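What follows is a short report on a single structure.
The values are calculated or read from the model by the stated rules, or taken from the named source; none is laboratory data. All of these numbers come straight from a predicted model, not from anything done at the bench. A quick note on method: Cβ atoms are made from the backbone with ideal geometry, for glycine too, and the neighbour counts reach across all protein chains shown. Please note that ligands, DNA and RNA were not included when accessible areas were found on the heavy atoms of the full protein model with its side chains. Shrake-Rupley method; radii C 1.70, N 1.55, O 1.52, S 1.80 Å.
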Amino acid sequence: MKQHEADFYRVAIEGIRPNVDGGFAVKRTIGDELSVEADVFADGHEEVVAVLQYRHESSHSKQEDSWLERPLTPLGNDRWRVSIPLESLGQYVYRILGWVDRFHTWRHDLKKRNEAGQNLLVDLLIGAELITAAALRAKGTDGSKLTAFADQISASTKYASLDQAARYVAAMDEHLLSLMDQYADRSPATISTEFEVVVDAPRATFSAWYELFPRSCSPVAGKHGTFLDVIAHLPYVAEMGFDVLYLPPIHPIGKAFRKGKNNQEQCEAGDVGSPWAIGAAEGGHKSVHPELGNLEDFRKLVATAQKYNIEIALDIAFQCSPDHPYVKEHPQWFRSRPDGTIQYAENPPKKYQDIYPFDFECNDWRALWEELKSVFMFWLQQGVHIFRVDNPHTKPFDFWEWCIAEVKRARPDAIFLAEAFTRPKIMYRLAKLGFTQSYTYFTWRNTKQELTEYFTELSQPALADIFRPNLWTNTPDILHDYLQRGGQQAFAVRAVLAATLSSNWGVYGPAYELLERTPRDPGSEEYLHSEKYELKHWDVNQLDSLRHLLSRLNRIRRQQPALQRNENLTFHAIDSDQLLAYSKRTSDASNLVLAIVNLDPRHAHSGWLELPLDLFRLSGGSYEVVDLLSDRTFLWQGARAYVELDPSRSVAHVLQMRREISG
């Protein structure tokens, strides 16, 4: 806690919220309001005044007069609150000031003395002195206005005829109070630590991602796809309602130690290799695979996607194939073994001979870090501002804090998705350091207890302030046993959960909607004939496709504002271990969505749902609920409702609470 001009301070400022580990920036979206609360109090019985000061990082002046300001409102028990508008992308700084205000104290006591019928003559003179002091601090004509008030209250020569009642009226004038607040004596003020809030673009908070391998987009089976083929695929992605199209690495792929089909160590003629083995004679991280096209084709893809309201997201994987130009040009950026060879990537017992990791602690680390930052800057120039970052938890925290801040200083709308399947504290640390969104453990949370506990944790204020979960139903690396064994209904269950539990979600397609679920080996989460190592040809028109369900889910999400936030999640009691019930609502409760999902993809389950009438703002009479998945309308009554879900017909209800029926 800082002081202002006084040698000591009397006001304590504690319990400031939001507050992330005493200094990390909280996250918000443009158009939000930031609500700040704090305990502000002092010794004794004098009146305390508190204000919140804030300014955007673009403010050129760092002088005291550059702060914008709003007064805090007391909530009782020394707790105060204020909200400020977040109207610009980028970073805001804010702090709280609190001081014992002699004028407010005097005015409060004067009112009590007047109500008690006491003589006020001396008290009025004391107030006049306070006002005269403020007049000396005032600017422009405000000083003369304050002097006039002081003259009236003290009954100076000009106002000698004023009686006590008239002088009291002048003392309680609201305009005088406003002027005194404006020119308050803040020399004894306590000033809190400065806090930061990062304001992101709307898709940071609300987005639907679709992952697609460009090389598998050719209409001809066995032919390498191109960026132009992806353009032809855009109407399909848009029809399903996805607004972020994520492409795995699009760079040249190395030939040395190239992996074969199904991750075989030896490749055969014609094997295309893994896109994550980045770099070849044709270039590295700032080049595109020649069989996909050229940079002009890529820019055309970005521009065309925007016409469909789709943003292109790129995979940024900071690693190299042995053929990457960096390996020859900057061998000092890699870790050498005693025999002189470069250390390839390993996760014992797995070996990735086709990948060289960077040595972020090498002697030339500054040049390495600058070069890696320039990779982001290059793709920003090509029209991309959304990045899925591969394995960020294997790179230094300091690098990400520096790099993301540098990129967002140039492009505040940049979005970074952390693909960090690691320990929770590391995942949360990456979010604190600047990652906009994160993959989660959603894939491995399948039971009612697991889902309830995990998403209760993620929706709590301290975590929700910095960690934005992006729920993926599947990835090219992860095919969970639940999907392998549950059939089409399992895919439907996980899609409903992902789309409604979080405001950000994604699927790896067309594998997902086409129900790709054969593992490479029993007990494995790897796909058989994985697209990571070979071209695929997808028939997106097959009859059992879930494309229509995905389309409806994304349409529901766009139409229901309650589903566009994460901190508003509440779980509800329902007496079945296989039925999960939860709701989301807008802050004014004008929109409320209740989801009930059968977690068992094979069997029907039923139960009685307990409804919190106060939370739903219902009186307990009859009310309509509409299933947004089936368009069916139900009439419910009271605080309990019977629910039955048979997965052969429907795996879930996504209900909008419509209206209460009087009588």
- Message: Return the residues of the range 604-663 that are modelled with pLDDT of 95 or more, in contact with a helix residue (DSSP H, G or I) (Cβ under 7 Å, 6 or more places away or on another chain) and part of a loop (DSSP other than H, G, I, E, B); say none if nothing qualifies.
- Response: LEU628, LEU629, PRO647, VAL651
- May I ask you to verify whether LEU433 is under 19 Å from the mean Cα position of the chain (by Cα) and closer than 26 Å to GLN91 by Cα? yes
- Message: Restricting to the range 114-136, name every residue that is farther than 21 Å from ARG186 by Cβ and part of a helix (DSSP H, G or I).
- Response: ASN114, GLU115, LEU121, VAL122, ASP123, LEU124, LEU125
- Message: Going by what's in this entry, would ILE30 be described as in contact with a helix residue (DSSP H, G or I) (Cβ under 7 Å, 6 or more places away or on another chain), in contact (Cβ under 8 Å) with a residue 60 or more places away in the chain, buried (at least 17 other Cβ atoms within 10 Å of the Cβ) and not basic (Lys, Arg)?
- Response: yes
- Message: Yes or no: the range 190-212 includes at least one residue that is under 30 Å from GLY127 (Cβ atoms), hydrophobic (A, V, I, L, M, F, W, C) and out of contact with any Phe, Trp or Tyr (no Cβ under 7 Å at 6 or more places or on another chain).
- Response: yes
- Taking into account only those residues within the range 374-393 that are over 18 Å from GLY279 (Cβ atoms) and either free of Cβ contacts under 8 Å to residues at least 12 places away in the same chain or in a helix (DSSP H, G or I) (or both), which is most open to solvent (accessible area, probe 1.4 Å)? GLN381
- Looking only at the range 78-92, which residues are open to solvent by 40 Å² or more (accessible area, probe 1.4 Å) and more than 12 Å from VAL199 (Cα to Cα)? ASP78, ARG79, ARG81
- Residues in the range 326-368 that are open to solvent by 30 Å² or more (accessible area, probe 1.4 Å), within 17 Å of TRP402 (Cβ to Cβ) and part of a helix (DSSP H, G or I): how many? 3
- Task: Check whether at least one residue in the range 521-541 is open to solvent by less than 10 Å² (accessible area, probe 1.4 Å) and under 29 Å from the mean Cα position of the chain (by Cα), and report yes or no.
- Result: no
- Message: So the check is Cβ under 9 Å with 6+ separation or different chains; which pairs have a first residue in the range 207-221 that's without any contact (Cβ under 8 Å) to a residue 40 or more places away in the chain and a second one that's charged (D, E, K, R)?
- Response: CYS217/ASP229; PRO219/ASP229
- Return the only residue of LYS139, LYS111, LYS145 being among the basic types (Lys, Arg) and in a loop (DSSP other than H, G, I, E, B). LYS139
- Query: What number of residues within the range 455-501 satisfy the criterion of being over 25 Å from SER650 (Cα atoms), part of a helix (DSSP H, G or I) and open to solvent by 10 Å² or more (accessible area, probe 1.4 Å)?
  - Reply: 6
- Note on the structure: Contact list, first residue from the range 546-568 and farther than 13 Å from LEU628 by Cβ and in contact (Cβ under 8 Å) with a residue 60 or more places away in the chain, second anywhere and open to solvent by 40 Å² or more (accessible area, probe 1.4 Å) and of a type outside the set (Asp, Glu), beta-carbon distance below 7 Å, six or more apart or interchain, is GLN564/PHE206; GLU567/PRO461; ASN568/ARG585
- Note on the structure: By residue number, the members of the range 279-313 that are in contact with a Gly (Cβ under 9 Å, 6 or more places away or on another chain), buried (at least 20 other Cβ atoms within 10 Å of the Cβ) and free of Cβ contacts under 8 Å to residues at least 60 places away in the same chain are GLY279, ALA280
- Unmet criterion (only one of (1) open to solvent by 50 Å² or more (accessible area, probe 1.4 Å); (2) of a type in the set (Asp, Glu); (3) in contact (Cβ under 8 Å) with a residue 40 or more places away in the chain) for ASP142: (1)
- Item | Count - residues of the range 413-451 that are of a type in the set (S, T, N, Q), under 14 Å from SER207 (Cβ atoms) and in contact (Cβ under 8 Å) with a residue 40 or more places away in the chain | 2
- Item | Boolean, LYS261 is of a type in the set (Lys, Arg) and either in contact (Cβ under 8 Å) with a residue 12 or more places away in the chain or closer than 15 Å to VAL230 by Cα (or both) | yes
- Tell me, yes or no, whether the range 253-270 has at least one residue that is buried (at least 22 other Cβ atoms within 10 Å of the Cβ) and within 29 Å of the chain's Cα centre (by Cα). no
- Task: Identify the single condition in (1) without any contact (Cβ under 8 Å) to a residue 12 or more places away in the chain; (2) under 23 Å from TYR512 (Cα atoms) that ASP631 does not satisfy, given that it satisfies every other one.
- Result: (2)
- Query: What is the residue count in the range 418-454 for residues that are open to solvent by 60 Å² or more (accessible area, probe 1.4 Å), in a loop (DSSP other than H, G, I, E, B) and within 30 Å of GLY607 (Cβ to Cβ)?
  - Reply: 2
- Residue list for the range 145-181, restricted to those being open to solvent by less than 30 Å² (accessible area, probe 1.4 Å), among the small types (Gly, Ala, Ser) and in contact with a Ser or Thr (Cβ under 9 Å, 6 or more places away or on another chain): ALA150, ALA155
